[in-house]
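Here's the structure, in structure tokens; my notes come after.
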Amino acid sequence: MYVHRRIEPTIRTAASVFPVVMVTGPRQAGKTTLLQYLREPDRTFVSLDDLDMRLLAQEDPKLFLARFPPPVLIDEFQYAPDLLPYIKIAVDERATRGRDAAGLFWLTGSQHFVLMKHVRESLAGRVAIFSLLGMDPAELTGTPAPATSFFNTEPENLLPWTEETSPVHIFRTILGGSMPGILTPGNEADTSIRRQFYSSYVQTYLERDVASLDGVRNLREFELFFRLLAGRAGQLVNYAGLAREVGVSAMTIRAWTTILERSFHILTVPPYYRSLSKRLVKTPKVYFLDSGLHAWLTGWHDPETALDGPMAGQLLENWVVGLIVRSAWHRGEDTSIYFWRTSTGQEVDIWHEQAGRIATAEVKLRAGGRIHELAREAFRPLAVIDPSPYKWGRKHLITLGDRILPLDHETWQVPVQYIS
């Protein structure tokens, strides 16, 4: 049963304008299924997972495109990046003849670190690139989507993707993750299936993607790093500390962090500074984009136990950041999010700049009946900041509450089930 994805209208629009549409993302996020659903009857589908097709594309790209002329959907494109110059030629020839070149080539690929090496240079101005992550809960429940992403939507226009607001239900959703292969509408993944899925997923990622990369000599060390990093989700990345624990250099840890980010498994969030150079060099936080993978790597499998465990707040914050990022990416929007932190440890979880305004968000596991006091405490550090040349936008206190609620003229309580 096909589940409609939020990104569908964005891709359709891009395909009516750009000659090449590329959808990247982690393995098993649903890229092929999505484009197979969207493709027209006359668009040929060819997968480079097929070894014969892959060999043809690698050894004779020109013959490959002659055999599979546009409109064509090429799946797992990262296996034959040498096709790029020939795609460029085909697009330019069509344009030179005055013929419509929109939507000629649709491409998918998982290995962002390999796939994107030449794409932007070879297809500059000709390609629209989208990142597809796993499903968000609203897609599974079929909840109508706001036209814009979370930070760009008025709170009163947000809709809940579930009427079940118990914390245990929310944590069952967190642990269930977002991968279509283990999710069906209205049915969270079974614990035993989830464990087996993520175990196989990590092994496949390590053996097929990571093992082929320069800079990775020992997969056991990389897997240990992967697990240790998961335990630090939502925290500052201590490269030197991780290096000591894994037994490699801090430079290697930085390189491995980049690998995980470019393969869409993690997101590094920089601290906010007005100076762009400072944002680039200061220590970031790390978040896992699939909450199920994060939970599996850190050993949390039961929602009741996870909710009462020492990592409950970390699991929740990591999941919320993933929802916010997915909300933007699947609408083709930029997601320039940061965190704000003082030298004395005062912090605001999420800081988002757009259109001259700064929106902020704090994620709180337990709010209870003191929600107004909690909001004042959470956003008190902002009172001493001059946001110029920007202006303050909305403040969001994201909780496990049951209803969306204005706390003052600029602060809202937003239960997690309203993020989509």
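Some notes on this structure:
Residue-by-condition table, conditions (1) part of a strand (DSSP E or B); (2) crowded, with 19+ Cβ neighbours inside 10 Å; (3) among the acidic types (D, E):
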position: L84; (1), (2), (3): no, yes, no
position: R94; (1), (2), (3): no, no, no
position: A102; (1), (2), (3): no, no, no
position: W106; (1), (2), (3): yes, yes, no
position: R120; (1), (2), (3): no, no, no
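- Screening the candidates P69, P9, P26 for the property of being out of contact with any Cys (no Cβ under 6 Å at 6 or more places or on another chain), outside any helix (DSSP H, G or I) and without any contact (Cβ under 8 Å) to a residue 60 or more places away in the chain yields one hit, P69.
- Selection from the stretch 45-55 of residues that are in contact (Cβ under 8 Å) with a residue 12 or more places away in the chain and out of contact with any Lys or Arg (no Cβ under 9 Å at 6 or more places or on another chain): D49, R54
- Within the stretch 339-373, the residues that satisfy the criterion of being outside any strand (DSSP E or B) and at pLDDT 85 or above are G356, K364, L365, I371, H372, E373.
- Taking the numbered list (1) touching a residue at least 60 places away in the same chain (Cβ under 8 Å); (2) assigned to a helix (DSSP H, G or I); (3) touching a strand residue (DSSP E or B) at 6+ places or on another chain (Cβ under 9 Å); (4) among the hydroxyl-bearing types (S, T, Y) in turn, T165 passes all entries but (2).
- Condition broken by R195, with the remaining ones in (1) without any contact (Cβ under 8 Å) to a residue 40 or more places away in the chain; (2) assigned to a helix (DSSP H, G or I) satisfied: (1)
- When the residues of the stretch 171-192 are filtered to those that are in a loop (DSSP other than H, G, I, E, B) and within 25 Å of G401 (Cα to Cα), the one that is modelled with the lowest pLDDT is G186.
- Residue within the stretch 323-341 that is over 30 Å from G134 (Cβ atoms) and surrounded by fewer than 21 Cβ atoms within 10 Å (Cβ to Cβ) present: no
- Scanning the stretch 125-139 for residues that are within 16 Å of L34 (Cα to Cα) and of a type outside the set (A, V, I, L, M, F, W, C) yields a total of 4.
Residues are listed down the side, and each one gets a yes or a no for (1) surrounded by fewer than 19 Cβ atoms within 10 Å (Cβ to Cβ); (2) assigned by TED's automatic domain parsing to the domain that holds A355; (3) touching a strand residue (DSSP E or B) at 6+ places or on another chain (Cβ under 7 Å); (4) not in a helix (DSSP H, G or I):
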| position | (1), (2), (3), (4) |
| --- | --- |
| R376 | yes, yes, no, no |
| R380 | yes, yes, no, no |
| A383 | yes, yes, no, no |
| K395 | no, yes, yes, yes |
| I398 | no, yes, yes, yes |
| R403 | yes, yes, yes, yes |
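The values are calculated or read from the model by the stated rules, or taken from the named source; none is laboratory data. This structure is a prediction, so every number in the text was calculated from the model and none was measured. Neighbour counts are summed over all protein chains in view; Cβ atoms, including those assigned to glycine, are modelled from backbone coordinates with ideal geometry.
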